[in-house]
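The values are calculated or read from the model by the stated rules, or taken from the named source; none is laboratory data. Note that the structure is predicted; figures quoted are calculated from it, not measured. A quick note on method: Cβ atoms are made from the backbone with ideal geometry, for glycine too, and the neighbour counts reach across all protein chains shown. Side chains included, ligands, DNA and RNA excluded: accessible areas come from the protein's heavy atoms. Shrake-Rupley method; radii C 1.70, N 1.55, O 1.52, S 1.80 Å.
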Amino acid sequence: LKNYRDWADTIIVPWSGGKDSTTVLILALNAFPKKKIHVVNVDTGVEFPWTIEYIDKVSGQLGITVYKVYAGIDKAILANGKPMPRHDNRWCTGLKIQAVEKAIEELAQGNTLVITGDRDAESRPRSMRSPCRDKGSNIKTISPIKLWSTAHTQLYLTMKNIPLNPLYLYGFYRIGCYICPALRSLEKFIIVNNKDIYETVNKLSLFKRYIDSS
């Protein structure tokens with residue numbers, strides 16, 4: 001990251017509230033002046049309430065302003081009749097990517113460095129991406145923790161006195177939407193069998209439809 005100090009005029013960090021994006025956010029804050037950094041959070045419309053609270057809590061702890069954009073996955077289903085996302089039809093990912101790309105377009109000034117929390121261990125497609133990718137002549141995307149393990153990220157955050165998203169403490173492996181088709185069987189089990197989580201998400205508009213269809 002420090003190699004880009006002289007090159008970058010603007011730093012953009014997409015932040016989901018998960019351990020990986022939180023780790024690269026802390027790395028960016030340690031490597032660049034805070035005034036250069038823009039933090040982007042995508043509200044999909046189907047976020048776990050704990051993640052929303054976590055973003056607000058940690059951003060306050062770090063003294064940063066979060067640029068929030070809305071992907072409208074809930075609206076696409078409830079108002080526009082889109083089907084529930086499935087493994088073979090994850091149209092929701094396209095809406096999230098569009099929201100992030102629009103935010104980058106709005107925030108980019110001069111040489112712009114986008115820092116992502118991609119890790120090879122997360123998936124095969126991520127492992128095949130280069131750690132440094134050019135998008136035009138003045139926008140670069142880099143992934144500084146590609147070779148880190150889950151333990152690396154969690155230990156790094158602990159060392160920096162940054163709390164983990166509470167969902168990890170409940171037993172979740174990853175942080176995403178409460179209707180995500182990538183939720184693991186254990187995570188679904190936790191949602192349904194943990195009283196605190198179930199009573200909260202059961203009040204959300206699309207949760208019952210998700211449980212019935214999964």
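Annotation: the antiparallel percentage among DSSP beta bridges lying fully within the chain is about 25. Residue by residue, segment 136-145 carries 3J(HN,Hα) couplings of x, 7, 10, 10, 10, 10, 10, 10, x, 10 Hz when phi is fed to the Karplus relation 6.51 cos²θ - 1.76 cosθ + 1.60 (θ = phi - 60°); x denotes Gly or Pro.
In the chain the Cα-Cα distances spread across 5 Å bins starting at 0 as 1, 6, 14, 18, 20, 18, 12, 7, 3, 1, 0 percent of all pairs.
Over the chain, accessible surface divided per residue gives 52 Å², non-protein components excluded, 1.4 Å probe. Annotation for K208 and N89: the two label points, set 7 Å from Cα along the Cα-Cβ direction, are 2.2 nm apart.
When the trypsin sites (Lys or Arg not before Pro) in segment 146-214 are filtered for DSSP coil states and for at most 15 other beta-carbon atoms within 10 Å of their beta-carbon, the remaining sites are K160, R184, K203. Computed over the chain, the per-residue total of -39500 (n - 2.57) for DSSP H runs of n ≥ 4 gives a 222 nm mean residue ellipticity of -12000 deg cm²/dmol, rounded to 500.
Multiplying the residue separation of Q109 and A182 by 0.36 nm and subtracting their alpha-carbon distance yields 22.8 nm. For the pair D56 and N30 in one chain, pulling the backbone fully straight at 0.36 nm per residue adds 7.4 nm over the alpha carbon distance.
With r defined as the distance between the Cβ atoms of S127 and A79 and R0 fixed at 35 Å, what FRET efficiency is calculated, to the nearest 0.05?
0.40
Under 8 Å for C-alpha pairs, at least 6 residues apart: give me the relative contact order for the chain, rounded to a whole percent. So the answer I get is 25 percent. Looking at segment 1-47, the trypsin sites (Lys or Arg not before Pro) that sit in a DSSP loop and have at most 14 other Cβ atoms within 10 Å of their own Cβ are R5. Annotation: amide H of V114 within the under-5 Å range of I12, K140, T141, I142, sequence separation 5 or more or interchain, hydrogens built in the peptide plane.
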